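The values are calculated or read from the model by the stated rules, or taken from the named source; none is laboratory data. These figures come from a predicted structure and were not determined experimentally. As a convention, Cβ positions derive from the backbone with ideal geometry for all residues, glycine included, and neighbour counts pool all protein chains shown. Just the protein is used for accessible areas: all its heavy atoms, side chains included, with ligands, DNA and RNA removed. Shrake-Rupley method; radii C 1.70, N 1.55, O 1.52, S 1.80 Å.
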Amino acid sequence: MTDYRRMWSDLNMDLEKHDQLMNALPLVYEDVFLRQAGRPRAMDYFDSVVAEIHSERIAELQAHKNQGGKICGAFCVFVPVEIARAAGAIAVGLCGGSQFWVPDGEKVLPRNLCPLIKASVGARLSGTCPYFQSCDLLIGETTCDGKKKAWEVLNEYAPVYVMDLPQMKRPRDLAAWREETGLFLDKMEELTGQRVTAEKLAVEIRRQNRLRRALERLYRARQADPVPVSGKDALLVTQVGFYDDPDRFIERTEALAAEAEERIAAGEGVFGAGAPRILVTGTPMAIPNWKLHHIIESAGAAVVGEETCTGTRFFAHQVDEGGVTLEEQLQALAERYLKINCSCFTPNPGRIEDILRLVGETRADGVVYYNLQFCHGYAVEYHAVEKALKERGIPVMKVETDYGEEDTGQLSTRVEAFIEML
Ligand code: BJ8
C-alpha cells in the first residue's frame, strides 16, 4: 500500500496546507453530491475518484514517472492530448476550480483577474496540488490575455510551453494551427525522447474519440424527461475526464450512460417529470467548482447540458480517423480542435449556433449564462448570445461570479426567481 504522505512529501508539497485543503473537501462533497436522492449506482466510481483525488491517481502518475515516463499538464481544451499520449506522456488537466488557491495566486497576479487563472497559478505556488507537482511540463496556450500573461509568471516556477492559438478561423489560421500542432508534436518527442509514429497516433486518436463518444452518450441521455442523471453528476464526470486514466474513464462513463438509458426505459429520473430544464453556457467549471449547478439544482431545476469547456466543447466533434500518414493525422487533429468555439475567437458565430441547437436538443426551458468574474471574452459575447436567444423567445439570465461563497444567497434568490418565471 502506498504511503501517500511520503509521496506528497517527495513531491515537495506543503503538507500542512494540503491537509487544510483536503479536510474541507469531504464536507463540501457530501453536501453537494451525496445528499442527492436517487443517484445512479454507477456514480459510485466517480465518488471514489474524488475521494482519492490526490492519492490513487497521483500514485499512478508516479509509477509512470518511475519507469521513465513524463507527465504534462494543460489548461485548455485546445491542447491535443492525443499527441502527448502518442509520445508516451500522460496528460492531465490543471485548471484550478477552488477558492482555496486564489489568495496564493493573488500574491503574484492582480486581484481583478479571472479566478480560474488565479487559482491555477495559486495551486502551483502553494505546493498543494500534486498534479502540478507531478508535471514535467506545463502546456499553456494563447487564448485570453490573462492566461497568456500568466504563463510568463508561471514559467518562473515550472517549465511552460505555449501553443500559439489563432484568434480567427480563416484558412490561413487553420494552416497556422496545423503548423503549431506539428511543433507541439516535436516538443512532446523532445520531452519524452520517444518518436510519435502514425501507428501510435492512430491509437490515441481512436482512444480520445471513444472518450468523447462516451461523454456524448451521457449528454444524449440527459435529453430525456425525467432526466436520469443530475447536472451536478454529469458535470463531475466531465471534470474527472480531464485527469483520469482514459480507458478506465471510458468504461465507467459508458456504464453510467447505460444505466441512465435503463432508467429512461423505466421512466425513472432524479427530478420529477416536467421539472424546469436549464442549459448552462459560458466559462469552464474546473473541479471542484460546482457552485452554479448546485444553486440551480437546489432550486428544483435540472441542468440538462453545458455549452462550456467542461461540457460539450470538450467532447463535441470527432477527429477523422481516416488519416494514414502523420501529416494527414495532424491535419485532422488541427481541423477538429479548431472547431471549438471559444470566445477568444473573433467573430465567433459558431458558439451562438451551438447554443441554439443545444437548447433544442436538451429541450431547455431557459439558459443560464455563466461568466467567471473578469473574463472579458465571455462577458462581451453575452451581448450577441442574449440577442439571439431573446429573438427566439428563449429566457436567459447572466450570472457573473467567482469561486467565493459570499454571493451564494443572492445568486440563489436570482436563480429561483428566474426558474419560477419559466
Ligand atoms: S477554449 S474557454 S478552456 S481558453 S481563463 S477564457 S474563464 S478569463 S478558460 Fe478556456 Fe480554452 Fe477558451 Fe475553453 Fe475566461 Fe478565465 Fe480566460 Fe478562461
>> Being out of contact with any Pro (no Cβ under 9 Å at 6 or more places or on another chain), open to solvent by 40 Å² or more (accessible area, probe 1.4 Å) and in contact (Cβ under 8 Å) with a residue 12 or more places away in the chain is the filter here; which residues of the stretch 198-219 pass it?
In response: 200, 203, 206, 213, 216, 217
> What tally of residues in the stretch 104-142 results from selecting those that are open to solvent by 20 Å² or more (accessible area, probe 1.4 Å), touching a helix residue (DSSP H, G or I) at 6+ places or on another chain (Cβ under 7 Å) and not in a loop (DSSP other than H, G, I, E, B)?
Replying inline: 2
> Listed residues 297, 268, 262; which is outside any strand (DSSP E or B), without any contact (Cβ under 8 Å) to a residue 40 or more places away in the chain and within 22 Å of residue 37 (Cβ to Cβ)?
Replying inline: 262
>> For a quick check of your reading of the model, give me the residue pairs whose first member lies in the stretch 69-92 and is part of a strand (DSSP E or B) and open to solvent by less than 10 Å² (accessible area, probe 1.4 Å), whose second is away from the ligand (no atom under 16 Å from the Cβ) and charged (D, E, K, R), with beta-carbon atoms closer than 6 Å and at least 6 apart or on different chains.
In response: 71/136
> If you go through the stretch 158-181 one residue at a time, how many are charged (D, E, K, R), open to solvent by 30 Å² or more (accessible area, probe 1.4 Å) and in contact (Cβ under 8 Å) with a residue 24 or more places away in the chain?
Replying inline: 2
>> I need the full set of residues from the stretch 359-382 which are more than 16 Å from the ligand (Cβ to nearest atom) and either assigned to a helix (DSSP H, G or I) or out of contact with any helix residue (DSSP H, G or I) (no Cβ under 9 Å at 6 or more places or on another chain) (or both), in order please.
In response: 359, 360, 361, 362, 363
> Which of the residues spanning the stretch 362-402 are buried (at least 16 other Cβ atoms within 10 Å of the Cβ) and acidic (Asp, Glu)?
Replying inline: 365, 381, 386, 400, 402
> Counting just the residues of the stretch 331-344 that are under 17 Å from residue 314 (Cα atoms) and open to solvent by 10 Å² or more (accessible area, probe 1.4 Å), which one comes out farthest from the ligand (Cβ to nearest atom)?
Replying inline: 332
> Do you know which residues across the stretch 409-422 are assigned to a helix (DSSP H, G or I), exposed (fewer than 15 other Cβ atoms within 10 Å of the Cβ) and in contact (Cβ under 8 Å) with a residue 12 or more places away in the chain?
Replying inline: none
